[in-house]
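Starting off with a structure, shown below.
A short reminder: the numbers here are calculations on the coordinates, not readings from a lab. No experiment lies behind these values; they were computed from the predicted model shown. Heads up, the Cβs are rebuilt from the backbone with ideal geometry, glycines too, and the neighbour counts pull from every protein chain shown.
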Amino acid sequence: MPTTRRLLLAFGLLIGGGPAAVAAQEGEGQPFSVEARLGVSVPTGELSRGQRGIATNAGISRGVSALLRVRPGLGLYGGWSRHGVACSGDSDCAPDAVVASSGFEAGVRIVLPHQTVTTPWFRGGVTLHRFSYDLDGVVLRSDVTPGVEVGVGADVRVHRFLALAPALRFVYYRTDINLETFNTGAEPFQVSALVVDLGARLRF
């Protein structure tokens, strides 16, 4: 019987301690955090292939977000981001044009169990972005359009209240801009990109 009780106690600690361990790894006592990110956005799909008269190369990505942990291993995030791209010289896109996708995003972040100062995570959510093309002060903007994003990354703790967060994300939505005639209300144009960036996360 003592052996049985010890086994039951060990099993209870195992299944009951999992969420607590994740909470401790995430930073117990700091359920809220804010983050600033900077990186590179690499256009994919129609943006990169130049199928609609425009071809682009990688540009600068930046953004800010907030995260609220609602239970161990699970958090809700929301933020704003801007993913710029650079016009390619072999398309109708003017080399000095400012081309970008910007808007808001929100979703769920799931933390994976771990035993180190590095916290791996997966996140997925919805976006509300618009596409813009700015040439010499003349700006063409699409309507705000819903889309999706998924990403993986890790928080590397450097202090009790501070972590660095490298990440890789994929963003996708469809816009109503015709990039052949540079008018709106045309056949939907697919906007997608891989975003590689580094964030600084401050926990409260």
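Note down the nm distance, to one decimal, between modelled labels 7 Å out along Cα→Cβ at D134 and at D96.
1.5
Under a plain spin-label model, where a point goes 7 Å from the Cα along Cα-to-Cβ, how far apart in nm are R160 and L68?
2.5
Count the net charge of all other residues whose Cβ sits under 9 Å from the Cβ of V34, scoring Lys and Arg as +1 and Asp and Glu as -1.
Every neighbour counted, the sum reads +1.
Could you run the Karplus curve 6.51 cos²θ - 1.76 cosθ + 1.60 with θ = phi - 60° over the stretch 60-77 and give me ³J(HN,Hα) per residue in whole Hz, x for Gly and Pro?
Karplus-based 3J(HN,Hα) across the stretch 60-77 equals 8, 10, 8, x, 9, 7, 10, 10, 10, 7, 9, 6, x, x, 9, x, 10, 10 Hz.
Once you place label points 7 Å from the Cα toward the Cβ at R49 and A36, how far apart are they in nm?
Roughly 3.9 nm, to one decimal.
State to the nearest 20 debye the size of the charge dipole of the stretch 80-147 about its Cα centre, where the only charges are +1 on K and R beta carbons and -1 on D and E beta carbons.
Here the size comes out at about 520 debye.
Would you mind counting up the charge near W80? Only other residues with Cβ under 13 Å from its Cβ, with Lys and Arg at +1 and Asp and Glu at -1.
+1
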